[in-house]
Amino acid sequence: MKNCIIGKSGKNPVYLGSPSNDHKALIGATGTGKSTAAMNFILDALGNGDRVIVFNTRDSLDPKLLGERAPLYELQRKVLRPAFEGIKVPLFSPYHGSDDVIEPTAIMVSRISKMLAQCAGLSDAQQRKLQQAVAAAVEFDVYPEYGIAALKELLTTGGGCSAEKTIQKLSLFFDNNLIQDGDFIASEHMPIMEIDVNDFDLDDQRVIAEFLLGWLFYYGQKGGFKEQNVVIFLDEAQNYSFKPDSPLYRLINESRKFGIKLLMAMTSLAGKKGIGICTMAGTNFFFRPALNDLEGVAKLIDNKRKSQCMSELSLLKVGECIATGSFIINHKLVNLPTKLIGIGDSFSENSVSSSNPNTKKLC
Ligand SMILES: Nc1ncnc2c1ncn2[C@@H]1O[C@H](COP(=O)(O)OP(=O)(O)OP(=O)(O)O)[C@@H](O)[C@H]1O
Ligand SMILES: [Mg+2]
């Protein structure tokens, strides 16, 4: 794997120092350059042969941010719009292990129920009700024909107060028949797969992304990204659940060995959650923070030099950041916080060749 310039320290190009933890967090107040840097990282990841899954929430990734390099991004992108076509997930297919062990039905039923219950915030009673419906859906094999909406019918048939509430909480999935049979990961061959959920309101965008993150974790756990690693971009990562069994927490904590690399942008630290995310990511890019995060970010960078860090952070211009992690500068490994400038400019210096005839390779 070739290394790419991620920015400059003074006049010197800065390369990532092959961190064992490939997760990246970008934090900064709104408009400080996180998305622009993230899109450049995405182009670099493609140059390294990775594929990319982008959750486009809040209209956060606009290829125009890449300036002249926008066509590089656009030509390699396939946009999926779940509001119109649902999203194809082989949710009710038991996993076949490499040793040909098939996932037992009871485990599959509990896995599906848990994934849905978690992102829709179901109570234990509601999850039990859902689990009965999921078991019936497996028994009658209704998912391939009717999609996730089949569960609504089965819940209605089951009846009872908790069934009604369960249907209500899952209405986002049912009303749009949001999840249908198929395999969006295997069937979409463009290097960048953008899941555009901007047709939904912000809460629903988060729920959909959270559900798919849970699916991607499972997919990766079963070896789906072993041959070709995947970078997953997530904006406003601080808004996702970060409990120890949540998809985001598990992805950050366990997914490196599955070939999943997270690229997370955050406009605020959101207290402990953001601090947890930064601490668990291998490389952090601290853009100018919002005023109320200034001290928290400075502590994360270097608690002993907190005051100096605060003043350095507040002077950062758009597109500049202080990065922490492991870098190579002037052929030396540097593990100290490093101010990066010219982030967008530096990416265009990454060399160009091509594995895809339509596109230029960056690293
Ligand atoms: N390195 C850079 N050099 C010059 N301008 C930049 C640079 N990075 C970003 N900008 C400009 O700053 C503006 C905001 O950039 P961007 O959307 O990347 O910020 P953001 O931190 O993602 O904001 P938000 O939190 O609102 O999503 C854009 O107009 C972009 O072109
Ligand atoms: Mg942004």
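Modelled this way, with points 7 Å down the Cα-to-C-beta line, the labels at Asn3 and Met280 are 2.7 nm from one another. Taking each residue as 0.36 nm, the span from Glu164 to Ala125 lengthens on full extension beyond its C-alpha to C-alpha distance by 12.9 nm.
What is the sum of charges around Lys257, taking Lys and Arg as +1, Asp and Glu as -1, for the other residues whose C-beta is under 13 Å from the C-beta of Lys257?
Details: positive: Lys222, Lys226, Arg250, Arg256, Lys261; negative: Asp22, Glu254.
Around Lys257, the charge tally is +3.
Please give the net charge around Arg305, taking every other residue with its beta carbon less than 15 angstrom from that of Arg305, where Lys and Arg add +1 and Asp and Glu add -1.
Working: positive: Lys299, Lys304, Lys306, Lys339; negative: Glu295, Asp302, Glu312.
My count for the surroundings of Arg305 gives +1.
Residues whose amide H lies under 5 Å from that of Leu16, counting only those 5 or more places away or on a different chain, are Cys4, Ile6, Ile328; hydrogens are built 1.01 Å from N in the peptide plane.
When only Cα pairs below 8 angstrom with a gap of at least 6 residues are kept, segment 119-208 shows a relative contact order of 32 percent. Taking the square roots of five times each eigenvalue of the Cα gyration tensor of segment 1-155, the equivalent ellipsoid has semi-axes of 41, 19, 16 Å, listed largest first.
Under 25 Å of direct C-alpha separation, and excluding same-chain neighbours fewer than eight residues apart, Lys64 reaches these lysines: Lys8, Lys24, Lys34, Lys78, Lys261, Lys317, Lys360, Lys361.
Assign one of three labels to segment 62-116, namely rounded, prolate or oblate, based on the Cα gyration tensor with a ≥ b ≥ c the square roots of its eigenvalues; rounded applies when a/c is under 1.5, prolate when it is not and a/b is larger than b/c, and oblate otherwise.
Details: a/c = 4.03, a/b = 2.47, b/c = 1.63.
Cα axes put segment 62-116 in the prolate bin.
In this label model, Val334 and Asn292 are separated by 3.4 nm, measuring between points 7 Å along each Cα→Cβ vector. Computed over every Cα-Cα pair of segment 220-270 and binned at 5 Å starting from 0, the pair-distance distribution P(r) comes out as 5, 21, 27, 25, 14, 6, 2, 0 percent. Rounded to whole Å, the principal axis extents of the Cα atoms in the chain read 67, 47, 38, largest first.
Sorted from longest to shortest, the spans of the Cα atoms of segment 225-327 along the three principal axes equal 43, 28, 24 Å.
Where in segment 201-242 does the amide nitrogen come within less than 15 Å of the point 7 Å from the Cα of Asn48, taken along Cα to Cβ? Under cut-off, by backbone N: 226-233.
Let me have the relative contact order for the chain, percent, based on Cα pairs under 8 Å that are six or more residues apart. Walk me through the numbers before you get to the answer.
Values: 674 pairs, mean separation 114.5, N = 363.
Answer for the chain is 32 percent.
Taking a ≥ b ≥ c as the square roots of the eigenvalues of the alpha-carbon gyration tensor, segment 74-173 is classed oblate because a/c is 1.5 or more while a/b is no larger than b/c. Beta bridges from DSSP with both residues in the chain: antiparallel share about 40 percent, rounded to the nearest 5.
Take the Cβ atoms of Met190 and Asn21, set R0 to 41 Å, and the FRET efficiency comes out at 0.90.
Values quoted throughout were computed directly from the atomic coordinates according to the rules given, and no laboratory measurement underlies them. Fair warning: this is a prediction, and the values are worked out from it, not measured in the lab. Here the Cβ is made from the backbone with ideal geometry for all residues, glycine too, and neighbour counts use every protein chain on show.
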